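For reference, the structure discussed in these notes is given below.
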Amino acid sequence: MSMPDKPQVVLSAFGDEAANHKTAAEQFAALAAAGLQYYSLRFVDLGSGIKNVMKLTKSEVTKLRHIENEYGMNVASIGSPIGKVKLGDVDDGTTNQYVPFDRYLEKEVSHACELAHAFETKLIRGFSFYPPKGADPREHLAEAADQLGQIAETCHRSDLTFGLEIEANLVGQTGELIAELHRRVNHPALVTVFDAGNIISQGYTPDETYAQYQAMKPSIGWMHIKDYRDPTQQLAPASTNGGSPKSRHVNEEMLKHFVPAHLGDGGHERILRDFAELIPQLEQKLTKRGIPGVVLDLEPHLKGGGQFGGFSGPDGIGVATRSLCRVLDHVGIDYHLRDFADVRADRGF
């Protein structure tokens, strides 16, 4: 009797995490050396300074595609900042921008779709909008869901899928809230992006993080892999009602304690062991939408994180990749890193 095949994932990483100066060649050299063939595109320097993917010119897109080919890299997702703007035009003491939604949809969201086509990816990563600082995010679910529904429909018309990432300070800051947004939007082009590091860094316990994963599980389209351990404090239960939003605002100072996936409090082993059972069915659903498989996207922040990005360095991206592979081996999930067959296929003789 033959053993069933192990579930398999597609490994990727945020390219800008890997490069000291964010140049494309640095990003791809580090990722290729770590064995990766996919990356998520967020910040890059193509000779005129570091730019967010949304600001790239047509000629820079062409140039980047050529460098990708040179290193055998493919774009897993556009790491866009879509949804990292205020829901309302309110001065709440933050520097977050407000853009009228109709204009935002027509300009920014449409542009993100164009970029996804230019880079031949089906995935756009985005967020769930900022409620006023200190407000109860639950009170803003209806408005956020309405806007996310329009974003999902815009992506759908372009044959793309929008991944809503869980993150502090946004409407979808907990697993329960982001699952509720997904339920309200109820659109085939909207999935959620689980990120244990973005939950544990808000002060939740490992058990609460796992509960938030379970809440998100039916809606997950892909995962970001980062983990967190705060050496200055013991984790205490965040709440008594199953993970309600924390009252504190997560500031940049708190985002300095990210660690590789096997060393943090996020519970990746437990989460991925459970997720393994979901992979075959999820892979079927995603491949129907033109997506290469279930992506695990490294965003490790090993040398620091922040609201609009993070950094690991070429050494950190290697450490983070090996750490994730160790966890995947342990829980029985398969993956492909570049091997001699890939090198031989590339060498052209």
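The values are calculated or read from the model by the stated rules, or taken from the named source; none is laboratory data. Please read these numbers as outputs of a predicted model, since none were measured by experiment. Ideal geometry is used to build each Cβ from the backbone, glycine not excepted, and the neighbour counts take in all protein chains shown. For the accessible areas, the whole protein counts, side chains as well, though only heavy atoms, and no ligand, DNA or RNA atoms are used. Shrake-Rupley method; radii C 1.70, N 1.55, O 1.52, S 1.80 Å.
Points to keep in mind about this one:
- Search result, residues across the range 85-121 that are open to solvent by less than 80 Å² (accessible area, probe 1.4 Å), out of contact with any strand residue (DSSP E or B) (no Cβ under 7 Å at 6 or more places or on another chain) and among the charged types (D, E, K, R): ASP92, GLU108
- The residues in the range 231-258 that are open to solvent by 30 Å² or more (accessible area, probe 1.4 Å) and either on the phi > 0 side of the Ramachandran plot or at pLDDT 70 or above (or both) can be counted, and the count is 4.
- Residues within the range 46-103 that are assigned to a helix (DSSP H, G or I) and in contact with an Asp or Glu (Cβ under 8 Å, 6 or more places away or on another chain), tallied: 1
- Where a residue in the range 257-273 is in contact (Cβ under 8 Å) with a residue 12 or more places away in the chain and charged (D, E, K, R) and its partner, wherever it lies, is open to solvent by 30 Å² or more (accessible area, probe 1.4 Å) and in a helix (DSSP H, G or I), with Cβ under 8 Å and at least six apart: ASP265/PRO206; GLU269/HIS330; ARG270/PRO206; ARG270/TYR210
- Scanning the range 311-319 for residues that are at pLDDT 95 or above and of a type in the set (A, V, I, L, M, F, W, C) turns up at least one hit.
- Comparison of ARG138, ARG183 shows that the only residue that is surrounded by fewer than 24 Cβ atoms within 10 Å (Cβ to Cβ) and within 29 Å of HIS257 (Cβ to Cβ) is ARG138.
- Matching entry among ALA116, ALA142 (being more than 18 Å from ALA13 (Cα to Cα) and either part of a strand (DSSP E or B) or of a type in the set (Gly, Ala, Ser) (or both)): ALA142
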